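So the structure is just underneath, and the comments pick up after that.
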Amino acid sequence: MSAPIETSKLHDCRDAFVSTLEALGEADNNIVAVCNDSVGSSKLGNFRDKFPDRLINVGIAEQNMVGVGAGLANGGKTPFVCGASPFLTGRALEQIKADVAYSEANVKLVGISAGMAYGELGATHHSIEDFAWIRALPNVPVIAPADRIETAAAVKWAAENEGPCFLRLSRVGVPDLLPAGHVFEPGKANRLREGGDVTLIANGVLAHRALNAAQLLADHGISCRVINMACVRPIDTDEIIAAASETGAILTCEEHTIFGGLGSAVAEVVVDHRPVPMKRLGVPGVFAPTGSANFLLDEFGMAAESIADSARELLRRKG
């Protein structure tokens, strides 16, 4: 029997985000943070203490927050604009479109507690549309790291590269998956496990669940490839085409509605380049009920056992 991914040591990606931001801030006085009365949930307290003149709290005013970030970018700063993802993306979408994407402003949007991380607070606080909203905009890479290592690497990349991006972070603990020293490249996926029968593509908090599902399948003689697709836009077209060509079936898993997110992005590549049987796991076009994030993921068929069952169903379609 294969051992599951070790989950006794779970890490909050927000911690990796703020520790990396603080290190960047020490090296570069142009690094600033902007938030919407979310110093606590964004874990920016230590950044504020270290750099009191480089944290701007605009209060609960997300549209203004994005505008302030764009203004700072125009003045030569590198702003990380942080807020709960449902409010950063939903309330300020027009400002993100006009002030950030259209203007190609050097604004780093950081959606905190994305997906269903605020599970107990209900549908108003779930951020299961943000992939779709932001990836529809030109010029904005959309990134959902799988662990703290990839989070730190993505933050470093964002700070070092001119232009906007959207970094989607959960507050749900995840195990380490990427190797130490990992370097983030936009549009480049990571193959976490080799396999030839079926491919699982996931990101964020679903990556380690996909790996555990692959191990369950391996125990029954099914060879499953697992791809961490942290970058939803630009997406790794070559890796998707290779998966379709070499395994003949693709299953996507995401903490997002199945409309417009990772599954849709992968399906667009598959239908254009290498049509194969495919299934998308996610929230099936409904408002998620109230409950813990892990409960809701299980409820929508994204426990490791359920992912494995969906892969078996896909293999039956593959023939």
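If you filter segment 246-275 down to residues that are open to solvent by 60 Å² or more (accessible area, probe 1.4 Å) and out of contact with any helix residue (DSSP H, G or I) (no Cβ under 7 Å at 6 or more places or on another chain), you find that the one that is nearest to residue 119 (Cα to Cα) is 268. State whether the residues of segment 128-148 include one that is of a type in the set (S, T, N, Q), farther than 24 Å from residue 9 by Cα and out of contact with any helix residue (DSSP H, G or I) (no Cβ under 8 Å at 6 or more places or on another chain). No, segment 128-148 contains no residue that is of a type in the set (S, T, N, Q), farther than 24 Å from residue 9 by Cα and out of contact with any helix residue (DSSP H, G or I) (no Cβ under 8 Å at 6 or more places or on another chain). Under the condition of being open to solvent by less than 10 Å² (accessible area, probe 1.4 Å) and among the polar types (S, T, N, Q), the residues counted in segment 176-225 number 2.
Please determine whether any residue of segment 134-150 is within 20 Å of residue 94 (Cβ to Cβ), part of a helix (DSSP H, G or I) and open to solvent by 30 Å² or more (accessible area, probe 1.4 Å). So far as segment 134-150 goes, yes, one or more of its residues are within 20 Å of residue 94 (Cβ to Cβ), part of a helix (DSSP H, G or I) and open to solvent by 30 Å² or more (accessible area, probe 1.4 Å).
For the subset of segment 101-129 comprising residues that are at pLDDT 95 or above and acidic (Asp, Glu), which member is nearest to residue 154 (Cα to Cα)? The selected residue is 104. Note on segment 151-175: residues that are open to solvent by 10 Å² or more (accessible area, probe 1.4 Å) and of a type in the set (Val, Ile, Thr) total 1.
Of all residues in segment 288-317, those that are over 19 Å from residue 115 (Cβ atoms) and without any contact (Cβ under 8 Å) to a residue 24 or more places away in the chain have Cβ atoms under 9 Å from Cβ atoms of residues that are of a type in the set (Gly, Ala, Ser) and open to solvent by less than 10 Å² (accessible area, probe 1.4 Å), 6 or more apart or on another chain, in 309/213. The criterion of being under 20 Å from residue 201 (Cα atoms) and in contact with a His (Cβ under 7 Å, 6 or more places away or on another chain) does not hold for residue 185.
So that you can scan it fast, the table gives a plain yes or no per residue for (1) over 21 Å from residue 161 (Cβ atoms); (2) of a type in the set (D, E, K, R); (3) open to solvent by less than 20 Å² (accessible area, probe 1.4 Å); (4) free of Cβ contacts under 8 Å to residues at least 40 places away in the same chain:
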site: 37; (1), (2), (3), (4): yes, yes, no, yes
site: 47; (1), (2), (3), (4): no, no, yes, yes
site: 91; (1), (2), (3), (4): yes, yes, no, yes
site: 95; (1), (2), (3), (4): yes, no, no, yes
site: 111; (1), (2), (3), (4): no, no, yes, no
site: 114; (1), (2), (3), (4): yes, no, yes, no
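Quick check on segment 226-245: of everything there that is β-branched (Val, Ile, Thr) and crowded, with 18+ Cβ neighbours inside 10 Å, which residue is farthest from residue 210 (Cα to Cα)? Among them, the one singled out is 235.
Filtered by the rule that a residue be among the polar types (S, T, N, Q) and open to solvent by less than 60 Å² (accessible area, probe 1.4 Å), segment 276-319 gives 292, 306, 310.
Residues in segment 52-83 that are open to solvent by 20 Å² or more (accessible area, probe 1.4 Å) and acidic (Asp, Glu): 53 alone.
The values are calculated or read from the model by the stated rules, or taken from the named source; none is laboratory data. Since we're looking at a predicted model, the values are computed, not measured. Counting neighbours? That spans all protein chains shown, and the Cβs are built from the backbone with ideal geometry, glycine included. Ligands, DNA and RNA are stripped out before the accessible areas are found, and what is left, the full protein with its side chains, is counted by its heavy atoms. Shrake-Rupley method; radii C 1.70, N 1.55, O 1.52, S 1.80 Å.
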